Amino acid sequence: MKIRIQPFLMALALAALSACGKSEVTNTPTSGNVTISVDESFKPIIASQVNTFEGIYKYAQIEPQYLSEGAVIESLLNDSSQVAVLSRELTEQEKAVFDQRKIIPRVTKIAIDAIALIVNNDNPDSLLTMEQVKAIFNGDIKSWKELNSESNLEDITIVFDNNNSSTSRYVRDSLTADHKLPQNTFASNSHEALIDYVSQNKNALGVIGVNWISDLDDSTAVGFLNKIKVIGISKDPNPVTTESYYQPYQAYIAQGAYPLRRFLYMISAEGRAGLGTGFVSFVAGDKGQRIILKSGLVPATMPVRVIGLGN
């Protein structure tokens, strides 16, 4: 009996070792599988990156989870995902969580993004100064008539994609005095729902990541643009010509002429160089940066060209 059992146990051990070895081999920068959490503001560009990467590397499977900014951070901190795509870096408190796990997150800047303000196609007021923008988000300006006495519109309705989104955090941190939004602020269920709401409500002022409307080769983005107007913003408090106003065109974002800018980062918490690390390297490399350039965002490492957003 011993003679029969020992070869059997040896075969099991060899099979187990073989399976472990196979798992380690397949989990490389270009193969295996990895879950990444993505700020849903960047769904169009990251979906394009994932599709291209998986098309090149047939044995790679990337599973993106498109979430609010708060949920993305939570997913990274509790190890539900190994890579996060965010419009901010980690706070000291968040870094401390990784310190306890003896992990040093690798942060890679991949693009410059912008926040776009959108209004209904029937709204005649599509040019605002930064002073007016701040007054709206501080609650000092509540009606379109306060911006234009001849306007036939009523109270302004501010709409975000999500209460816990990166766009709402950006506005609270950058444009409001007390980091609070006014009472005339609401949230939709998604970016698509936000655009639909603005297209159907003349008093609406939508706040959206420009990635959703910047790729003019994308029929979905073009369809969105046909539904709404993109506001031009001037840093000059008393502009004398329309040339002082800038929409979030790619070159104006790069030059800083358009003021509502933010950086886009990929944060990897992989313990070793696996598929997540490979994907980050791809996005930061030549092919990934060209995809960002085409999308209308500003690549971190490449020159840009002027692309209009229509209206």
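The values are calculated or read from the model by the stated rules, or taken from the named source; none is laboratory data. Note that the structure is predicted; figures quoted are calculated from it, not measured. Positions of Cβ are backbone-derived with ideal geometry, glycine not excepted, and every protein chain shown enters the neighbour counts.
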TODO: Scan the range 239-263 for residues that are touching a residue at least 60 places away in the same chain (Cβ under 8 Å) and either of a type in the set (Ser, Thr, Tyr) or surrounded by fewer than 18 Cβ atoms within 10 Å (Cβ to Cβ) (or both) and jot them down.
DONE: Pro239, Thr242, Tyr245, Tyr249, Tyr258, Phe263
TODO: Specify the residue that is surrounded by the fewest Cβ atoms within 10 Å (Cβ to Cβ); the eligible residues are those in the range 264-281 that are part of a helix (DSSP H, G or I) and β-branched (Val, Ile, Thr).
DONE: Thr277
Open item on the list: Which residue is surrounded by the most Cβ atoms within 10 Å (Cβ to Cβ), if the candidates are limited to the range 35-59 and must be under 24 Å from Asn189 (Cα atoms) and of a type in the set (Asp, Glu)?
Closed with: Asp39
TODO: Name the single residue, out of those in the range 183-197 being aliphatic (A, V, I, L, M) and closer than 22 Å to Arg261 by Cα, that is surrounded by the most Cβ atoms within 10 Å (Cβ to Cβ).
DONE: Leu194
- [ ] Kindly establish whether Ala96 is at pLDDT 95 or above and loosely packed, with under 12 Cβ neighbours inside 10 Å.
- [x] yes
- [ ] Test each condition in (1) under 19 Å from the mean Cα position of the chain (by Cα); (2) of a type outside the set (D, E, K, R); (3) closer than 30 Å to Ile36 by Cα; (4) modelled with pLDDT of 95 or more for Gln247 and report the one that comes out false.
- [x] (3)
Open item on the list: If I filter the range 115-131 down to residues being over 25 Å from the mean Cα position of the chain (by Cα) and either without any contact (Cβ under 8 Å) to a residue 40 or more places away in the chain or assigned to a helix (DSSP H, G or I) (or both), which single residue comes out as farthest from Leu260 (Cα to Cα)?
Closed with: Pro124
- [ ] Please work out which residue is nearest to Phe42 (Cα to Cα), limiting yourself to the range 282-311 and to residues that are surrounded by fewer than 18 Cβ atoms within 10 Å (Cβ to Cβ) and modelled with pLDDT of 95 or more.
- [x] Arg290
Open item on the list: Given the criteria out of contact with any Asp or Glu (no Cβ under 6 Å at 6 or more places or on another chain) and modelled with pLDDT of 95 or more, does Val240 qualify?
Closed with: no
